[in-house]
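Data first, discussion second: the structure below is written as structure tokens.
The values are calculated or read from the model by the stated rules, or taken from the named source; none is laboratory data. Since we're looking at a predicted model, the values are computed, not measured. Note that each Cβ is placed from the backbone with ideal geometry, even for glycine, and that neighbours are counted across all protein chains shown.
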Amino acid sequence: MSFDRFWQGHRKALNTAKIKPMTIRWKPSVTVAAIIEHEGRYLLVEEETPEGLRLNNPAGHLDPGESPLQACAREALEETTRLFTPTELLGVYLSRFQRPARPGHEAEDITYLRFAFCGKLGDQVAGRQLDQGIVRTLWLTPQEIRDSAQRHRSPLVVRCMEDHLRGQRYPLALIDTDPSVMA
């Protein structure tokens, strides 16, 4: 389908939709994830969550003053105690998580914008401890990951693995961090 044809259909849908004025600026939570494969197994972390022990990719939030690449290397180190160098962008993913209210906490409706990277896993850093809440690291086969889907923190655990297995990769040059972020 040509772009012109796509845009005509999109414009028509926009013109017929009832568009509400924006009253609150929506801000998704920006996260990064390291998709690490070695000899047919993927490195996951088992972590404590309000829903119990869950499996996840080494992942976390983008902090102020860092690029997505820096955040991914930092999160991988914090959650696995190993150095990680992102070499390719696996993909950019948008997902939504709805956590029901629980004693002492309101319900949460969170949208995550995840930058997933693959790269080179380095050495373990001597004396480094796993981040708070991380119970252990695990090397699992693709089938073991698929079979444990009910224990995943996010549906993106499987999605990212499947994209990696398909060979999906993008150059890091797609992501640009302006120097003003570091200032």
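When you check Gly65 against the structure, is it buried (at least 18 other Cβ atoms within 10 Å of the Cβ) and either not aliphatic (A, V, I, L, M) or not in a helix (DSSP H, G or I) (or both), yes or no?
Answer is no for this residue.
Tally up the residues in the range 26-56 that are surrounded by fewer than 21 Cβ atoms within 10 Å (Cβ to Cβ) and more than 14 Å from Gly133 (Cβ to Cβ), please.
Selection size over the range 26-56: 10.
Every residue in the range 138-158 that is in contact (Cβ under 8 Å) with a residue 40 or more places away in the chain, more than 17 Å from the chain's Cα centre (by Cα) and surrounded by 13 or more Cβ atoms within 10 Å (Cβ to Cβ), please.
Once the filter is applied, which keeps residues that are in contact (Cβ under 8 Å) with a residue 40 or more places away in the chain, more than 17 Å from the chain's Cα centre (by Cα) and surrounded by 13 or more Cβ atoms within 10 Å (Cβ to Cβ), the range 138-158 yields Leu138, Trp139, Leu140, Pro142, Ser148.
Select, from Arg5, Arg25, the only residue that is at pLDDT below 95 and either closer than 23 Å to Pro142 by Cα or outside any loop (DSSP other than H, G, I, E, B) (or both).
Numbers: Arg25 fails: either closer than 23 Å to Pro142 by Cα or outside any loop (DSSP other than H, G, I, E, B) (or both).
The conditions single out Arg5.
I want to confirm something. Restricting to the range 99-114 and keeping residues that are touching a Pro at 6+ places or on another chain (Cβ under 9 Å) and in a strand (DSSP E or B), which single residue is surrounded by the most Cβ atoms within 10 Å (Cβ to Cβ)?
Among those residues, the one meeting the criterion is Tyr112.
Which members of the range 68-94 meet the condition of being part of a strand (DSSP E or B) and either among the charged types (D, E, K, R) or modelled with pLDDT under 95 (or both)?
Result: Arg82, Glu88.
Restricting attention to the range 69-98, and to residues there that are under 16 Å from Ile134 (Cα atoms) and among the basic types (Lys, Arg), which single residue is surrounded by the most Cβ atoms within 10 Å (Cβ to Cβ)?
Result: Arg82.
Please go through the range 159-183 and pick out each residue that is within 18 Å of the chain's Cα centre (by Cα), part of a helix (DSSP H, G or I) and over 24 Å from Glu78 (Cα atoms).
Hits for the range 159-183 are Glu162, Asp163, Leu165, Leu174.
Quick check on Leu55: is it within 15 Å of the chain's Cα centre (by Cα) and in a strand (DSSP E or B)?
Yes; evaluated as a whole, the condition is true for this residue.
Can you tell me how many residues in the range 115-129 are surrounded by fewer than 16 Cβ atoms within 10 Å (Cβ to Cβ) and either of a type in the set (Val, Ile, Thr) or within 27 Å of Pro50 (Cβ to Cβ) (or both)?
Number of matching residues: 3.
Among the residues of the range 105-134, how many are of a type outside the set (Asp, Glu) and either under 18 Å from Ile36 (Cα atoms) or free of Cβ contacts under 8 Å to residues at least 24 places away in the same chain (or both)?
Qualifying residue count for the region: 17.
Here are the criteria: (1) in contact (Cβ under 8 Å) with a residue 60 or more places away in the chain; (2) out of contact with any Gly (no Cβ under 7 Å at 6 or more places or on another chain); (3) among the hydroxyl-bearing types (Ser, Thr, Tyr). Tell me which single one Thr80 does not satisfy.
(1)
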